[in-house]
Amino acid sequence: MKKCLVLALLVCLSGAVIGTAIGGDSKGKPEVIQAYYDGKLFDITLTHMPDNAAAELLEHNKSINTIYVVENSEEEEEDLEAFTPVLDAIQGDGFNPLWQEVRVIFPAGVTPFQLFSDDEILSAAEAGSITLEPQDEVYRCSVIGPKKK
């Protein structure tokens, strides 16, 4: 019971945690970035959870969503700039505000290409076209709507 209360408190306070977000500034205030969900581009914000909170959440929260990202070596950075993160849920479709980062790894010699849904990512992984590497990083995510034009 005490662990559940601590976990709930961590989730509630996570929006106020100062950390580095994907695309966020150094003051922990995440900026709006884009991510794909089922082929549609959405505006989202992410706040990085501290390592100790992330470990607890990954151990005890079985409904954490996934955000797929590509982060490879600096030599490949130019190829990766065009890769937009992919979400596996939004509000109304199994959404939880907590997200575990899973890296999409392209084999050596393969130019990274954009994938647009979790189904495409899972199919590519099953076919051996990419490798998926779950990370110990957890983010608090807000899906704030379709990308504004």
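Values quoted throughout were computed directly from the atomic coordinates according to the rules given, and no laboratory measurement underlies them. Please read these numbers as outputs of a predicted model, since none were measured by experiment. Ideal geometry is used to build each Cβ from the backbone, glycine not excepted, and the neighbour counts take in all protein chains shown.
Structure summary
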| read-out | value |
| --- | --- |
| Label-point separation, Lys40 to Asn61 (7 Å along Cα→Cβ), nm | 2.4 nm |
| Projected label distance in nm at Gln114 and Thr131, using a 7 Å step from Cα toward the beta-carbon | 2.6 nm |
